[in-house]
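S.K.: One structure, pasted below without further comment.
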């Protein structure tokens, strides 16, 4: 009995790992072909967790109609507040959900969808590069390829660095601890600029720690 339970736990662990790896492989593929909009902490975790969530939901409600209806009702209260910027992003979410569901039902179909998605992304990218080398443009810009991406850095320091940090971007938040033990700043600027300045900012006297989001 213990052996069977251990084997079952190992099986579920493998399935969850496969779901997370499948999501990670897709986001790595998108980054490799220059889709900069996915290069963020939130997108990476979303792409890894979404297939796992779909796998767990499928496993929980499989073979139980009553539980399936209850789960649908419970999930209907979930609302996505962040608007989807492009149909491609919506398709990627659908692919991730489908991969998670397929892993719980048939690994063959999950692998087929994962590999096919990666292959299509690479083929489209190489086609674009090949046509561009011949002076042709088949595709217009994607929804963030032609825009300037913004980022922000949250900084905690042991002294007031307002005047020092102004040259790195717009200070959008300043919090001063009543006791004067620490100061917290959030500066906003173009992501490319902030990424180049992270090391420099971290070496400013008084900076205790910082976190970048872009």
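The values are calculated or read from the model by the stated rules, or taken from the named source; none is laboratory data. Predicted model, so just to flag it, every value in this text is computed and none were measured. Note: ideal-geometry Cβ built from the backbone for every residue, glycine included; neighbour counts use all protein chains shown.
S.K.: Over 21 Å from the mean Cα position of the chain (by Cα), modelled with pLDDT of 85 or more and in the same structural domain as residue 27 (by TED's automatic domain parsing) - does that describe any residue in region 113-124?
M.R.: Scanning region 113-124, I find at least one residue that is over 21 Å from the mean Cα position of the chain (by Cα), modelled with pLDDT of 85 or more and in the same structural domain as residue 27 (by TED's automatic domain parsing), so the answer is yes.
S.K.: Can you tell me which residue within region 45-59, out of those that are closer than 16 Å to residue 21 by Cβ and touching a helix residue (DSSP H, G or I) at 6+ places or on another chain (Cβ under 6 Å), is surrounded by the most Cβ atoms within 10 Å (Cβ to Cβ)?
M.R.: Going through the qualifying residues, I end up with 51.
S.K.: Which ones in region 24-41 are modelled with pLDDT of 80 or more and in a helix (DSSP H, G or I)?
M.R.: Those that are modelled with pLDDT of 80 or more and in a helix (DSSP H, G or I): 24, 25, 26, 27, 28, 29, 30, 31, 32, 38, 41.
S.K.: Next question, about the same structure. If the requirement is being assigned to a loop (DSSP other than H, G, I, E, B) and modelled with pLDDT under 80, which of these qualifies: 178, 204?
M.R.: The conditions single out 178.
S.K.: Mind checking which residues of region 62-88 are at pLDDT 75 or above and over 23 Å from residue 111 (Cβ atoms)?
M.R.: Within region 62-88, 87 is the sole residue that qualifies.
S.K.: Restricting attention to region 24-44, and to residues there that are free of Cβ contacts under 8 Å to residues at least 60 places away in the same chain and crowded, with 17+ Cβ neighbours inside 10 Å, which single residue is farthest from the chain's Cα centre (by Cα)?
M.R.: Applying the filter and picking the extreme gives 27.
S.K.: Return yes or no: is residue 21 surrounded by fewer than 16 Cβ atoms within 10 Å (Cβ to Cβ), part of a helix (DSSP H, G or I) and without any contact (Cβ under 8 Å) to a residue 40 or more places away in the chain?
M.R.: On the way: surrounded by fewer than 16 Cβ atoms within 10 Å (Cβ to Cβ): yes; part of a helix (DSSP H, G or I): yes; without any contact (Cβ under 8 Å) to a residue 40 or more places away in the chain: yes.
Spelling it out, residue 21 is indeed surrounded by fewer than 16 Cβ atoms within 10 Å (Cβ to Cβ), part of a helix (DSSP H, G or I) and without any contact (Cβ under 8 Å) to a residue 40 or more places away in the chain.
S.K.: Does residue 194 satisfy being assigned to a helix (DSSP H, G or I), at pLDDT below 85, surrounded by 14 or more Cβ atoms within 10 Å (Cβ to Cβ) and touching a helix residue (DSSP H, G or I) at 6+ places or on another chain (Cβ under 9 Å)? Walk me through how you get there before you give the answer.
M.R.: Values: assigned to a helix (DSSP H, G or I): yes; at pLDDT below 85: yes; surrounded by 14 or more Cβ atoms within 10 Å (Cβ to Cβ): yes; touching a helix residue (DSSP H, G or I) at 6+ places or on another chain (Cβ under 9 Å): yes.
When the stated conditions are applied, residue 194 passes them.
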